[in-house]
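Report on one structure; see the data block that follows.
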Amino acid sequence: MPCQVDFYVLANPALSPGRLACRLCMMAWEQGHRVAVLAGSEEDANALDELMWDFPPGRFLPHALGAADADVPVSILPDAEQLAAGRDVVINLAATPVPEPGRFQRLLEIVPADTQRKEASRDKFRQYRDWGLSPGSHQIEKV
């Protein structure tokens with residue numbers, strides 16, 4: 001079965017890509033999935049790690065920074081080079097496409113509202129289509 005790719009387009013700049021990533025992680029984890037989040041950089045990975053301790057409020061999302069602990073349901077990675085087997089859902093906050101997306105059941109691309117990141121996401125959309133996938137798109141009005 002091919003990878004299902006979905007783009008989540010944030011409607012305005014006030015919406016946080018990190019908060020949406022946390023919500024998507026929580027939903028995937030509650031459904032029994034093992035999640036990898038590609039943050040895009042070491043700095044962004046650390047910021048997302050901090051956010052996951054507090055968001056969603058009142059909820060606990062078991063996660064770890066880095067790929068070292070395979071038993072943790074949510075793994076936050078700075079880039080795709082650390083992406084390993086054992087994850088069935090990938091959430092991509094990076095500006096580049098996930099290599100070999102067919103290894104995963106689902107790929108969730110978060111599209112920030114700023115122009116530069118939108119253009120990078122359009123390029124990713126085209127790349128996934130070129131690889132034979134059929135990406136979907138969802139407009140996000142609130143996180």
Residue within segment 47-55 that is open to solvent by less than 40 Å² (accessible area, probe 1.4 Å), among the acidic types (Asp, Glu) and farther than 23 Å from ASP130 by Cβ present: yes
Extreme residue, nearest to SER16 (Cα to Cα), among residues of segment 66-76 that are in contact with a Ser or Thr (Cβ under 8 Å, 6 or more places away or on another chain) and surrounded by 13 or more Cβ atoms within 10 Å (Cβ to Cβ): GLY66
Flag if GLU141 is in contact (Cβ under 8 Å) with a residue 40 or more places away in the chain, of a type in the set (Asp, Glu) and either open to solvent by 80 Å² or more (accessible area, probe 1.4 Å) or closer than 17 Å to ARG23 by Cβ (or both): yes
Among (1) more than 20 Å from PRO135 (Cα to Cα); (2) touching an Asp or Glu at 6+ places or on another chain (Cβ under 7 Å) - the single one MET26 does not satisfy: (2)
Flag for VAL37 being touching a helix residue (DSSP H, G or I) at 6+ places or on another chain (Cβ under 7 Å), crowded, with 20+ Cβ neighbours inside 10 Å and assigned to a loop (DSSP other than H, G, I, E, B): no
Enumeration of residues in segment 23-45 that are under 15 Å from LEU77 (Cβ atoms) and without any contact (Cβ under 8 Å) to a residue 12 or more places away in the chain: GLU43
Enumerated strands (runs of 3 or more DSSP E) restricted to segment 85-143, each holding at least 2 residues that are touching a helix residue (DSSP H, G or I) at 6+ places or on another chain (Cβ under 6 Å): 89-92, 106-111
Selection count where residues are among the charged types (D, E, K, R) and crowded, with 18+ Cβ neighbours inside 10 Å, scope segment 77-105: 1
Qualifying residue in segment 46-64 (condition: in contact (Cβ under 8 Å) with a residue 40 or more places away in the chain and in contact with a Leu (Cβ under 6 Å, 6 or more places away or on another chain)): no
Pair list, Cβ < 7 Å and 6+ apart or interchain, from segment 1-22 residues that are modelled with pLDDT of 90 or more to residues that are of a type in the set (Lys, Arg) and open to solvent by 30 Å² or more (accessible area, probe 1.4 Å): CYS3/ARG106; GLN4/ARG106
From LEU20, LEU51, residue being over 13 Å from the mean Cα position of the chain (by Cα) and in a helix (DSSP H, G or I): LEU51
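The values are calculated or read from the model by the stated rules, or taken from the named source; none is laboratory data. Fair warning: this is a prediction, and the values are worked out from it, not measured in the lab. No Cβ is skipped: glycine too gets one built from the backbone with ideal geometry, and neighbour counts run over all protein chains shown. We work out accessible area using only protein heavy atoms, side chains counted, and drop any ligands, DNA or RNA first. Shrake-Rupley method; radii C 1.70, N 1.55, O 1.52, S 1.80 Å.
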